[in-house]
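> Here it is, the structure in full.
Taken together, the values in this text are just the output of simple stated rules run on the coordinates, not laboratory data. Everything numeric here is computed off the predicted structure, so don't read it as measured data. As a convention, Cβ positions derive from the backbone with ideal geometry for all residues, glycine included, and neighbour counts pool all protein chains shown.
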Amino acid sequence: MKPGILILILGIPCWVPVATAQEKTGDTEKLGKVHFAVSCLPTTQPQFDRAAAMLHSFWYPQGLNTFKEITTSDPG
């Protein structure tokens, strides 16, 4: 078998997952349930739990943005 064809045959299965990957949206229904008791205001506790769930679901940019919002709304 020619090396070019062999590379093509072996390369396609490696390429398919990349081609079918989808961007994650901020859909909270697909996040798991997370709860960590923190010393922030009670009104920011759900926000914190949501941000932690985002991190556990590998939604790093969205989780970081939510943590930044928490620090501006509750700097203490």
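> Could you give every pair whose Cβ atoms fall below 7 Å, whose first residue belongs to the stretch 63-76 and is small (Gly, Ala, Ser), and whose second residue is in a loop (DSSP other than H, G, I, E, B), counting only separations of at least 6 or pairs across chains?
Short answer, once both residue conditions are applied: Ser73/Thr44.
> Output the residues belonging to the stretch 59-76 that are over 19 Å from His35 (Cβ atoms) and not hydroxyl-bearing (Ser, Thr, Tyr).
Pro61, Leu64, Asn65, Lys68, Pro75, Gly76
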